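Visitor: One structure coming up, written as structure tokens, with questions to follow.
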Amino acid sequence: MRILQFGATGQVSRAMIAGAPGRAILTPLSRADVDLADEAAIEAAIAAADCDLVVNCAAFTLVDKAEAEPEAARAANALAPAAMARACARRGLPLVHLSTDCVFDGTLDRAYREDDAPNPLSVYGATKLDGETAVLAWEKGVVLRVSWVFSRFGRNFIRTMLQLGRARDELRVVADQYGCPTDAVALADFILGAAPRWAGAAPGDAAFGLFHFTNAGATSRHDLAAAALRQDPLTRARLSPIAKRDFPEPAARPLNGALDSGRVSAVFGWQAEPWASAVARAADQIIAEGLDA
Ligand SMILES: NC(=O)c1ccc[n+]([C@@H]2O[C@H](COP(=O)([O-])OP(=O)(O)OC[C@H]3O[C@@H](n4cnc5c(N)ncnc54)[C@H](OP(=O)(O)O)[C@@H]3O)[C@@H](O)[C@H]2O)c1
């Protein structure tokens, strides 16, 4: 299985690189190899690649910064995946792309399913939704919507909470915003495991299309922070719950971003691990490797 991967330095990219040996020959492309702003370079990379599948782990992921830089966010999150889809369609290659719970407005009182109507609240969410649409226009396109991604790799909420937990006496964390944490390592494991199926499937196969992919269960930001801090004997911060309205950010986020991952279980037989054990394991790894790694 040969996979061309956009993204080499991000959380999911690094989890894919770590998980690939023995399962796939991965060619990760960094920003220096191909900038997402360069549609021609994206198309040329796919045209020249010796691969069975293309996976896009790269994106403009700075949700607040996207409000100030909508054109850069649009280039990376909407125009780049559209170029990937065009180039993959020319060669008949399946394309796996990652998206976000931020395509929803969060007003639903249950976990979102794939057929619920999106209504993004932010530039990030709107540009990611346009990227989804472009990828799904290719009949061998796959979009995996994930949320609250964490891992031992790179920047994420778990690492930030662990750092602040040692630096502060009190941590005020939003308790009325809900989501389903997603372990980047499990996501990489799923993609690598499903890759042969995508590579061998014909258009119309249920393996193509839109899927939600998270760990099992939903939680609040506050309880997610508590689960991480519980693992750290050196934490000293007391956690205080606050309301989202008391923690304003430049970009609006869904108060309920919980995703229902039933479809990925039904189509691929994927058994999601409960979020709490996966978070505890990632927190242990981050603590063991050093919080600044
Ligand atoms: N993190 C989350 O909580 C979360 C939640 C929902 C959905 N997602 C989605 O999941 C996917 C993976 O997220 P992640 O957490 O792994 O992201 P990440 O750690 O922020 O990594 C983003 C990657 O994209 C690359 N990139 C950004 N702009 C680029 C450009 N113009 N040209 C080339 N490469 C560029 C970055 O490269 P540099 O290192 O060079 O900047 C980095 O490798 C994304 O599609 C994201 O939208 C993430």
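Visitor: What does the helix-only formula give at 222 nm for the chain: each DSSP H stretch with n ≥ 4 adding -39500 (n - 2.57), the total divided by the residues, and the result rounded to the nearest 500 deg cm²/dmol?
Guide: -11500 deg cm²/dmol
Visitor: So which lysines pass the test for Lys244, namely a Cα distance under 26 Å, with those fewer than 8 places away in the same chain ruled out?
Guide: Lys65, Lys128
Visitor: If you wrap the range 148-293's Cα atoms in a convex hull and average its projection over all directions, what's the area in nm²?
Guide: 9.8 nm²
Visitor: Shifting gears a bit: Helix 39-48 sits at what angle to the longest principal axis of the chain, using alpha carbons and giving 0 to 90 degrees rounded to 10?
Guide: Roughly 60 degrees, rounded to the nearest 10.
Visitor: For the range 40-150, how big is Rg over Rh, using alpha carbon atoms and the Kirkwood form of Rh?
Guide: 0.99
Visitor: Between helix 275-289 and the chain, what is the angle of the helix's C-alpha long axis to the longest principal axis, kept within 0 to 90° and rounded to the nearest 10?
Guide: 80 degrees
Visitor: Can you tell me the mean projection area, over all orientations, of the convex hull of the chain's alpha carbons? Units nm², please.
Guide: Over all viewing directions, the chain projects a mean Cα-hull area of 14.2 nm².
Visitor: In addition: Which trypsin sites (Lys or Arg not before Pro) does the range 119-171 hold that lie in a coil by DSSP with at most 12 other beta carbons within 10 Å?
Guide: Arg155
Visitor: Take every Cα pair under 8 Å in the chain that's 6+ residues apart, average their separations, divide by the length, and report that relative contact order as a whole percent.
Guide: 21 percent
Visitor: Working from Cα positions, state the angle (0 to 90°, nearest 10) between the long axis of helix 157-167 and the longest principal axis of the chain.
Guide: 30 degrees
Visitor: Follow-up question, since we're still on this one. Could you please rank Asp35, Asp105, placing first whichever residue has the fewest other Cβ atoms within 10 Å of its Cβ?
Guide: Asp35, Asp105
Visitor: In Å and on Cα atoms, what radius of gyration and Dmax does the range 1-89 show?
Guide: Gyration radius and largest Cα-Cα distance of the range 1-89: 13.1, 42 Å.
Quick note: the coordinates plus some simple rules give every number you see, no bench work behind them. Predicted, not measured: the structure shown is a model, and the values here were computed from it. As a convention, Cβ positions derive from the backbone with ideal geometry for all residues, glycine included, and neighbour counts pool all protein chains shown.
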